[in-house]
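Engineer: One structure follows; several queries about it will come next.
The values are calculated or read from the model by the stated rules, or taken from the named source; none is laboratory data. The model shown is predicted, which means the values in this text are computed figures rather than measured ones. Here the Cβ is made from the backbone with ideal geometry for all residues, glycine too, and neighbour counts use every protein chain on show. In case anyone asks, the SASA skips ligands and DNA or RNA and just uses the protein heavy atoms, side chains included. Shrake-Rupley method; radii C 1.70, N 1.55, O 1.52, S 1.80 Å.
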Amino acid sequence: DMLFSRLNFIFGPSAVPALGLVDQRAVTRVTSPSGRTAYQVLGSSGKPYTCYSSCHFCTCPAFGFTVLQKSESLLCKHILAVYLSQALGACQELSVSEEQLTSILLAEEEDEG
């Protein structure tokens, strides 16, 4: 309970949904043979969002608006779910080719554009 309270105090409204994503095993670590890594988090809407823990970035609209534009939060629930799943060893693992990883990353750009 104390850890939950601390998470909630630090991360506010992102904490409970992020824990839910971890509990649902919605975080997948995607790696390529070159060692490039990205995370895909299945959002509550069923849409996968790509997260980069190395640069603290998520492709979801909430990250763009709440974190980048308004600076109201440190992170979105997807990024927090990535960090929590890493700490708890709860990531799904997926190895893909370089071409498949490129397709995953380009699909996100096409969705945004």
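Engineer: If each DSSP helix of 4+ residues adds -39,500 (n - 2.57) and the sum is divided by the residues in the chain, what number results at 222 nm, nearest 500 deg cm²/dmol?
Structural biologist: -12500 deg cm²/dmol
Engineer: Can you tell me the 0 to 90 degree angle between the C-alpha axis of helix 77-88 and the longest principal axis of the chain, rounded to 10?
Structural biologist: Roughly 90 degrees between the two axes.
Engineer: Taking the chain as a Gaussian network, Cα atoms linked when under 10 Å apart, which of SER34, SER95, SER103 shows the biggest mean-square fluctuation?
Structural biologist: SER34
Engineer: Before I look further, what does the chain give for accessible area per residue, probe 1.4 Å, in whole square angstrom?
Structural biologist: 59 Å²
Engineer: Still on this structure, I have one more. With each pseudo-label sitting 7 Å past Cα toward Cβ, what's the SER45-VAL96 distance in nm, one decimal?
Structural biologist: With each label placed 7 Å out from Cα toward Cβ, I get 2.0 nm.
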